[in-house]
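All remarks here apply to the structure that follows.
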Amino acid sequence: MTSDSFLSIDFGTSNSLVGAFHNGQRYEALPLDPKAQDPTMMRTLLYFPHPDLCYYGTEAIEQYIEQDMEGRLFRSFKSHLPNQNYLGTVLNNRILTLESLIGVFLLELKKRAEKILDTPIEKAVIGRPARYSMDPVADGFALHRMGKAAAFAGFKEVQFVPEPLAAAFDYRRQLSSEKIVLIGDFGGGTSDFTLIKLRPEGFAKEDVLAIDGCPLAGDALDSVFMSHRLNEYFGAKSRYRLPMGSNVLTMPPAVSQRLNHPAHIVHLKEKETYEFIREVKKCSLTQKDADAVERLFILIEDQQIFPFFENIEKTKRALSASETTDFIYDYPGLEMKETFSVQQFIDWATATKEKIFSALDECLKNAGVSSQQVDLVCLTGGTAKVPFIQKELETRFGKERLQTQAHFHSVLSGLTESAGFWAQGQKVT
Ligand SMILES: Nc1ncnc2c1ncn2[C@@H]1O[C@H](COP(=O)(O)OP(=O)(O)OP(=O)(O)O)[C@@H](O)[C@H]1O
Ligand SMILES: [Mg+2]
């Protein structure tokens with residue numbers, strides 16, 4: 001019987017988790033990726049060595065390396081959802097829409113969960129960020145596409161629950177009296193906030209005072225290392241002069257913006273952009289300019305994009321634990337060594353941080369609640385480990401009101417609780 005079974009899916013930009021509500025029983029995070037360090041957390045990665053074969057999560061990375069990085073590896077594809085100009089991609093002349101790309105991933109999550117629970121499941125509670133985009137039209141478009149992706153994966157009925165609201169349900173379980181709680185979920189793609197009146201005895205829709213967020217988080221922090229320093233190695237500042245032209249030009253933003261962002265950089269491979277970069281190299285002003293563009297070719301052609309950004313991410317994490325760290329890359333032709341400090345990271349990330357925290361201000365404003373009125377601040381998501389994020393919250397709310405445990409499982413836990421509500425015939429949103 002399938003009617004009594006629900007999956008809860010925290011489909012994240014970087015990591016995905018799945019739980020279930022099955023035969024009246026809660027199942028916490030299922031071990032979907034046995035090869036992962038934490039098998040309950042599957043990296044949101046797809047690897048197609050060729051269009052008819054796909055690997056997921058840890059295996060995607062393993063196979064990508066084993067198969068000499070041939071084929072296509074997709075990461076952070078959730079962030080494309082609100083982008084109306086991003087329809088999908090082409091794999092060996094075959095069009096793969098974003099909905100089907102996400103659908104393929106959700107289908108795999110579904111199949112693995114069904115195998116563990118030994119039952120087919122057609123209903124799912126799926127998390128959604130507070131805002132896929134600051135533009136409400138793009139936000140609606142993103143949610144519509146997620147609905148299509150879920151249908152592609154074979155789900156017959158789906159409820160979408162805001163991720164920070166789900167995290168709030170999880171925290172409710174720890175409370176013994178009514179409190180005004182701010183939940184901050186700092187993930188890979190989005191930073192999400194919920195301000196909610198949490199009561200141990202239950203939940204009513206009116207308890208949600210405000211939900212807000214912004215599409216900037218961990219990936220945006222990775223990108224500052226590229227945009228403020230490393231992209232120079234790849235010709236971001238290379239100068240060129242077109243034949244017959246008199247103006248000295250530098251790499252246009254269309255190229256450098258792609259170069260800077262982990263979700264967009266793979267699009268440098270697209271034919272037109274690629275051809276354009278080739279022209280730039282031919283017309284470089286000096287040998288130094290040409291050498292940098294050559295490095296960009298090596299990065300793209302030798303499939304170094306993914307490992308390069310993995311190294312940036314590692315560097316960023318290291319700065320959560322120590323004051324300085326070395327960024328070392330030793331692929332032939334791309335050798336580089338830079339030392340980064342926490343202070344540099346803070347300076348480079350200032351604009352991103354300000355945008356993230358203005359979404360928090362907006363959330364408080366919409367709820368008509370001052371920061372003094374907030375009793376408790378609960379943090380979740382990997383980017384909540386970044387010290388300057390925690391520090392900013394400490395400055396606003398004070399250390400005693402900040403709760404920082406349970407970094408990765410809170411959203412899933414609340415989605416599973418929502419699945420339980422659904423099983424009892426109640427809707428959360
Ligand atoms: N120790 C750390 N220091 C800094 N950042 C970290 C650390 N650990 C994880 N991260 C970052 O956390 C992010 C992943 O967090 P999480 O798994 O919560 O995101 P997600 O749920 O996949 O994304 P989203 O909710 O935005 O869709 C990545 O950007 C990762 O680099
Ligand atoms: Mg998340």
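With the requirement that a residue be among the β-branched types (Val, Ile, Thr), open to solvent by 20 Å² or more (accessible area, probe 1.4 Å) and within 16 Å of ligand 2 (Cβ to nearest atom), what does the range 390-419 give you?
Result: Thr404, single match.
Which residue, of Ile61, Ile9, Ile95, is β-branched (Val, Ile, Thr), within 22 Å of Ile300 (Cβ to Cβ), touching a helix residue (DSSP H, G or I) at 6+ places or on another chain (Cβ under 9 Å) and assigned by TED's automatic domain parsing to the domain that holds Met146?
Ile61
When residues of the range 192-237 are filtered for being within 12 Å of ligand 1 (Cβ to nearest atom) and out of contact with any Ser or Thr (no Cβ under 7 Å at 6 or more places or on another chain), how many remain?
Selection size over the range 192-237: 3.
Scan (1) under 19 Å from Leu379 (Cα atoms); (2) within 16 Å of ligand 2 (Cβ to nearest atom) for the single condition Leu175 breaks and write down its number.
(2)
Based on what the data block shows, is Glu394 closer than 28 Å to Thr325 by Cβ, within 20 Å of the chain's Cα centre (by Cα) and acidic (Asp, Glu)?
For Glu394, the condition - closer than 28 Å to Thr325 by Cβ, within 20 Å of the chain's Cα centre (by Cα) and acidic (Asp, Glu) - is not met.
So which residues in the range 357-391 are among the charged types (D, E, K, R), outside any loop (DSSP other than H, G, I, E, B) and over 25 Å from the mean Cα position of the chain (by Cα), if there are any at all?
Lys365
Yes or no, residue by residue, for (1) within 16 Å of ligand 2 (Cβ to nearest atom); (2) open to solvent by 40 Å² or more (accessible area, probe 1.4 Å); (3) closer than 17 Å to Ile9 by Cα:
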| position | (1), (2), (3) |
| --- | --- |
| Gln373 | no, yes, no |
| Cys378 | yes, no, no |
| Gly381 | yes, no, yes |
| Lys385 | yes, yes, no |
| Phe388 | no, no, no |
| Phe421 | no, no, yes |
| Gln426 | no, yes, no |
| Thr429 | no, yes, yes |
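Please specify each residue of the range 1-48 satisfying the condition of being of a type in the set (A, V, I, L, M, F, W, C) and outside any loop (DSSP other than H, G, I, E, B). Walk me through how you get there before you give the answer.
Narrowing the range 1-48 to residues of a type in the set (A, V, I, L, M, F, W, C): 1, 6-7, 9, 11, 17-18, 20-21, 29-30, 32, 36, 41-42, 45-46, 48.
Selection gives Phe6, Leu7, Ile9, Phe11, Leu17, Val18, Ala20, Phe21, Met42, Leu45, Leu46, Phe48.
Which of the numbered conditions does Ser100 fail, given that it passes all the others? Conditions: (1) under 30 Å from Asp302 (Cβ atoms); (2) assigned to a loop (DSSP other than H, G, I, E, B).
Failing condition for Ser100: (2).
The values are calculated or read from the model by the stated rules, or taken from the named source; none is laboratory data. Note that the structure is predicted; figures quoted are calculated from it, not measured. With ideal geometry, Cβ positions are generated from the backbone for all residues, glycine too; neighbour counts draw on all protein chains shown. Just the protein is used for accessible areas: all its heavy atoms, side chains included, with ligands, DNA and RNA removed. Shrake-Rupley method; radii C 1.70, N 1.55, O 1.52, S 1.80 Å.
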